[in-house]
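To start, the structure under review is shown below, and the notes come after it.
The values are calculated or read from the model by the stated rules, or taken from the named source; none is laboratory data. Note that the coordinates shown come from a computational prediction; the quantities given were computed from them, not determined experimentally. When we count neighbours, we look across all protein chains shown, and the Cβ atoms used for this are built from the backbone with ideal geometry, even at glycine. We work out accessible area using only protein heavy atoms, side chains counted, and drop any ligands, DNA or RNA first. Shrake-Rupley method; radii C 1.70, N 1.55, O 1.52, S 1.80 Å.
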Amino acid sequence: MSAWELTYNGYDPRNEGVRETLTTLGNGYFATRGATAETFADGIHYPGTYIAGCYDRQKTVIEGTQYEYEDIVNVPNWVHVSFRFIGEEWQMLGALEVLDYRRSLDLARGILLRDLRVRDKKGRVTKLTTRRLVHMREPHVAAFELNLTPENWSGRIELQSTLDGWVTNSGVDRYRLLENHHLAPVEARAIDEESMLLAVRTLQSGILIAEAARTRVFADRDDIIMRRTLAHEGFVAHEIMVDVEAGQSLRLEKVVAIFTSRDHAICEARLAASQKLAETPDFAELERSHVLAWEQLWRMFDIEIDLEDGAQMDEEVTAILRLHVLHLLQTASPHTMDLDVGIPARGLHGEGYRGHVFWDELFVFPFLNLRMPDITEAVLLYRFRRLDTARRNARALGYRGAMFPWQSGSDGREETPKISFNPRSGRWMADNTRLQRHVGAAIAYNVWQYFQVTGDHKFLENAGAELILEIARFLASLATYDPEADRYDIRGVMGPDEYHSAYPGSPTPGLVNNAYTNVMTVWVILRAFDTLDVLNPARARELRESLGLRGEELALWDAISHKMRVPFLENGVIEQFEGYGELKELDWDAYRARYGDIHRLDRILESEGDSPNDYKVSKQADVLMLFYLFSADELRPIFARLGYVFGPEMIQRTVDYYLRRTSDGSTLSRVAHAWVLARTNRVRSWELFREALVSDVADIQGGTTREGIHVGAMAGTVDLLQRCYTGLELRDNILWIRPRLPDDIHRLTLVIRYRTHVLRLSVTRTDLEIAAAPGEIPPVRIGIRNVVYVINAGQRHTFALVGPPEGTLIDELHAGA
């Protein structure tokens with residue numbers, strides 16, 4: 001594996017789904033899986049294309065009860081190109097002998113290449129070379145190129161280039177029992193001799209989707225025998241008959257424009273697609289501008305890592321990191337700034353989780369926020385536009401403020417299914433994960449992180465403050481007062497763990513005093529107070545008036561922030577929720593011996609007629625998320641405010657306790673655990689980082705990667721380098737940098753954006769170099785080893801990380817120092 005390439009040699013049908021996901025191309029507006037061009041969905045291949053924010057909901061009857069589900073829609077397949085000999089079947093990969101096969105994703109250029117040599121049953125050998133791009137500068141454009149070379153035959157063939165609207169949402173096996181038809185045909189026709197148009201409409205949401213394609217074959221005029229357009233309802237194709245000679249290559253070029261009725265500044269989607277296609281240049285010109293767009297992105301988003309173990313490992317780690325960055329930017333790109341979309345937990349790469357938006361953006365946000373905060377602002381605006389729906393959600397359950405859903409889609413209502421299917425037992429189970437009320441705290445956390453990075457008072461005044469205040473109001477309304485203990489409790493919730501939805505044997509879902517939820521509630525309330533303090537006084541007054549936020553309510557918030565209960569075990573370990581310590585211990589060794597892979601312990605236990613509710617087990621970090629999000633310096637005053645002792649011994653005991661009881665059933669788990677171990681056990685932290693790094697590349701969850709990438713885990717691995725191992729922390733309008741590189745890392749180099757400054761950081765275990773790009777920009781404060789420096793644009797400085805700290809508490813470093 002080279003540092004800029006993901007390559008698969010050989011054709012492996014068993015792993016084709018994973019490879020299609022990992023070779024997906026996209027630009028933030030839409031993405032197309034890396035399925036080979038000649039295939040349809042057949043159980044091995046799954047050619048899916050997904051447009052950000054394009055959802056549709058359908059109803060399904062399961063065991064006598066009707067349920068409604070909203071899915072991101074698999075839109076018409078634009079890629080399909082195939083050929084056949086006259087009078088024979090279309091050439092399909094499964095019916096051919098594969099002689100050579102190489103598929104390569106060029107990470108630097110965002111181009112998917114395939115080299116293929118096949119032999120059919122008559123002994124004819126054909127070489128096929130393809131290139132594909134989804135344009136990073138032109139959000140509505142994609143292109144495909146085929147070079148076909150007969151090696152030992154000459155003759156007449158027929159080429160077919162299609163727009164296929166007969167697709168369904170069939171990419172996830174456990175969803176197969178659900179209604180998966182989302183498209184109705186609208187129009188299929190020729191535009192001109194070389195261009196065609198397909199339009200479909202989503203059945204419930206009524207979104208018009210238009211695709212216009214131009215197919216050109218480059219051969220001698222006398223060799224092109226016939227050309228026609230074949231149109232059916234929901235399907236349109238170019239069919240071209242051409243003569244070819246052994247050793248002579250034929251080139252086909254297909255360019256596509258995609259629009260929907262959700263797009264801005266268009267009259268009508270079909271007209272927009274047709275017009276865009278007419279003005280779009282050929283593949284070569286598209287490639288040049290597309291590659292330039294990626295080159296510009298990589299200047300800002302690349303991470304360079306030099307390891308102590310040698311160049312080969314350097315390239316492998318670097319290549320996977322760049323693969324992660326590429327897929328993150330294909331999910332949320334500069335085009336996201338102009339869209340009303342969130343970040344789906346499985347990217348735009350498949351149908352896992354139905355394309356819904358979870359709290360995974362908590363893991364994605366920091367990476368994007370410190371590189372291109374305009375993207376993260378757009379992500380926050382997706383939440384802000386659904387604030388009224390969140391208020392409606394809260395009122396429906398008797399709460400105040402804004403209750404954001406655990407799973408969000410088109411309009412912000414709760415999309416979490418009430419039941420989920422266990423493929424191990426073949427049974428449907430109650431799904432109570434909607435009780436994870438902490439998702440609002442994640443949104444407030446992201447708002448505050450955005451403000452800390454950018455200092456964007458305009459966003460805070462127009463959107464961010466209202467989000468934080470209404471989320472604080474909701475979380476405060478969850479709390480009930482216990483006069484005997486003089487403490488506030490939060491009941492009926494679930495934590496991030498997800499394995500525990502109720503107490504053993506209880507018919508009522510929900511837990512009492514999930515520690516993560518309670519501490520996050522206090523943190524959000526404190527940030528709400530900070531928000532009111534930093535706002536322009538006139539704007540703060542307007543918000544308090546319009547929200548009806550009176551002194552009595554703020555006094556209640558203050559009381560909750562002083563008296564929230566946090567449960568502890570006898571040994572001082574933070575208890576995940578009240579009663580966790582009374583649950584049974586699981587015989588981990590016995591389950592590993594019996595099942596091997598126990599990542600999805602919840603499904604195993606349910607298949608045995610048991611429940612994780614009975615055991616001290618966790619799917620992923622729950623309490624430990626506090627140490628993932630906050631440093632000890634940030635947590636200490638919160639616990640002191642609540643009247644609890646907080647110290648390093650308690651942190652270590654808590655970390656050790658839960659690491660032993662976690663099955664890592666989520667790809668996010670290793671990211672959080674690598675983070676919390678970074679200072680106390682660097683060797684194990686690095687091991688967990690390496691495991692998290694290959695979550696999707698190695699499909700460590702045994703089949704889930706084919707359903708889409710795990711966007712939180714991908715971003716989390718990059719952020720472990722960006723923030724965790726550099727010790728980068730945003731606090732009190734200071735950018736703190738306290739590096740803690742694992743022994744395996746020799747040097748780490750990255751670029752971040754902070755308060756409009758572009759800073760290049762180069763970190764070793766002994767030195768930190770900061771180079772600020774020139775410009776007319778106010779200086780920033782950067783804290784290094786407890787010394788705060790005022791740094792100006794255009795400055796480059798190296799700080800020693802060993803020996804006594806340099807400088808005084810506030811030290812100004814002038815340009816050129």
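Couple of notes before you dig in:
- Verdict on residue 173 being over 30 Å from residue 702 (Cα atoms) and open to solvent by 50 Å² or more (accessible area, probe 1.4 Å): no
- Looking across segment 687-708, the residues that are over 23 Å from residue 602 (Cα atoms), open to solvent by 10 Å² or more (accessible area, probe 1.4 Å) and either in a helix (DSSP H, G or I) or in contact with a Cys (Cβ under 6 Å, 6 or more places away or on another chain) (or both) come down to 687, 690.
- Filter result for the condition that a residue is closer than 21 Å to residue 629 by Cβ, outside any helix (DSSP H, G or I) and small (Gly, Ala, Ser), over 505, 495: 495
- Whichever residue in segment 1-59 is part of a strand (DSSP E or B) and of a type in the set (Gly, Ala, Ser) and, among such residues, is surrounded by the most Cβ atoms within 10 Å (Cβ to Cβ): 26
- Yes/no for residue 655 being β-branched (Val, Ile, Thr) and open to solvent by less than 30 Å² (accessible area, probe 1.4 Å): yes
- For segment 304-319, a tally of residues being under 20 Å from residue 723 (Cβ atoms) and either open to solvent by 10 Å² or more (accessible area, probe 1.4 Å) or among the hydroxyl-bearing types (Ser, Thr, Tyr) (or both) returns 4.
- Residue check: residue 144 meets all listed conditions (1) crowded, with 17+ Cβ neighbours inside 10 Å; (2) farther than 28 Å from residue 320 by Cα; (3) touching a residue at least 60 places away in the same chain (Cβ under 8 Å); (4) in contact with a Lys or Arg (Cβ under 9 Å, 6 or more places away or on another chain) but one, namely (2).
- Conditions (1) closer than 30 Å to residue 733 by Cβ; (2) modelled with pLDDT under 95; (3) not small (Gly, Ala, Ser): number failed by residue 533: (2)
- On the stretch given as segment 289-299, residues that are out of contact with any Ser or Thr (no Cβ under 9 Å at 6 or more places or on another chain) and surrounded by 14 or more Cβ atoms within 10 Å (Cβ to Cβ) total 6.
- Subset of segment 619-654 (residues that are in contact with a His (Cβ under 8 Å, 6 or more places away or on another chain) and not in a loop (DSSP other than H, G, I, E, B)): 641, 642
- Test: residue in segment 531-552 that is among the hydroxyl-bearing types (Ser, Thr, Tyr), touching a residue at least 60 places away in the same chain (Cβ under 8 Å) and farther than 26 Å from residue 466 by Cα: no
- Within the option set 286, 362, 326, being more than 24 Å from the chain's Cα centre (by Cα), crowded, with 20+ Cβ neighbours inside 10 Å, of a type outside the set (Ser, Thr, Tyr) and more than 19 Å from residue 207 (Cα to Cα) holds for one residue only, 286.
- Matching entry among 461, 484 (being at pLDDT 95 or above, open to solvent by 10 Å² or more (accessible area, probe 1.4 Å), acidic (Asp, Glu) and not in a loop (DSSP other than H, G, I, E, B)): 461
- Within segment 391-408, being touching a Leu at 6+ places or on another chain (Cβ under 8 Å) and either of a type in the set (Ser, Thr, Tyr) or open to solvent by 60 Å² or more (accessible area, probe 1.4 Å) (or both) holds for one residue alone: 399.
- Single residue of 661, 670, 682 found to be open to solvent by 40 Å² or more (accessible area, probe 1.4 Å), in contact (Cβ under 8 Å) with a residue 40 or more places away in the chain and either closer than 21 Å to residue 572 by Cα or not small (Gly, Ala, Ser) (or both): 682
- Qualifying positions in segment 579-603 - at pLDDT 95 or above and surrounded by 20 or more Cβ atoms within 10 Å (Cβ to Cβ): 580
- Just one of the listed residues (411, 388) is assigned to a loop (DSSP other than H, G, I, E, B) and surrounded by fewer than 23 Cβ atoms within 10 Å (Cβ to Cβ), and it is 411.
- In segment 750-773, the condition of being open to solvent by 10 Å² or more (accessible area, probe 1.4 Å), at positive phi and hydroxyl-bearing (Ser, Thr, Tyr) is met by at least one residue.
- Residues of segment 233-267 that turn out to be in a strand (DSSP E or B), open to solvent by less than 50 Å² (accessible area, probe 1.4 Å) and not β-branched (Val, Ile, Thr), as a count: 12
- Scan of segment 100-120 for residues that are farther than 18 Å from residue 146 by Cβ and either among the hydrophobic types (A, V, I, L, M, F, W, C) or open to solvent by less than 50 Å² (accessible area, probe 1.4 Å) (or both), ordered by number: 107, 108, 110
- Residue in segment 609-629 that is farthest from the chain's Cα centre (by Cα), counting only those that are hydrophobic (A, V, I, L, M, F, W, C) and open to solvent by 10 Å² or more (accessible area, probe 1.4 Å): 627
- Filter result (part of a strand (DSSP E or B) and open to solvent by 40 Å² or more (accessible area, probe 1.4 Å)) within segment 774-796: 781, 796
- Wholly within segment 132-232, strands (runs of 3 or more DSSP E) carrying at least 2 residues that are farther than 17 Å from residue 75 by Cβ: 141-150, 155-164, 183-192, 208-218, 224-232
- Output for segment 695-749, where each listed residue is without any contact (Cβ under 8 Å) to a residue 40 or more places away in the chain, at positive phi and in contact with a Lys or Arg (Cβ under 8 Å, 6 or more places away or on another chain): 727
- Of all residues making up segment 195-230, the number that are over 37 Å from the mean Cα position of the chain (by Cα) and either buried (at least 18 other Cβ atoms within 10 Å of the Cβ) or of a type outside the set (D, E, K, R) (or both): 8
- Among the residues making up segment 60-95, those that are among the polar types (S, T, N, Q), surrounded by fewer than 22 Cβ atoms within 10 Å (Cβ to Cβ) and part of a strand (DSSP E or B) are 60, 65, 66, 82.
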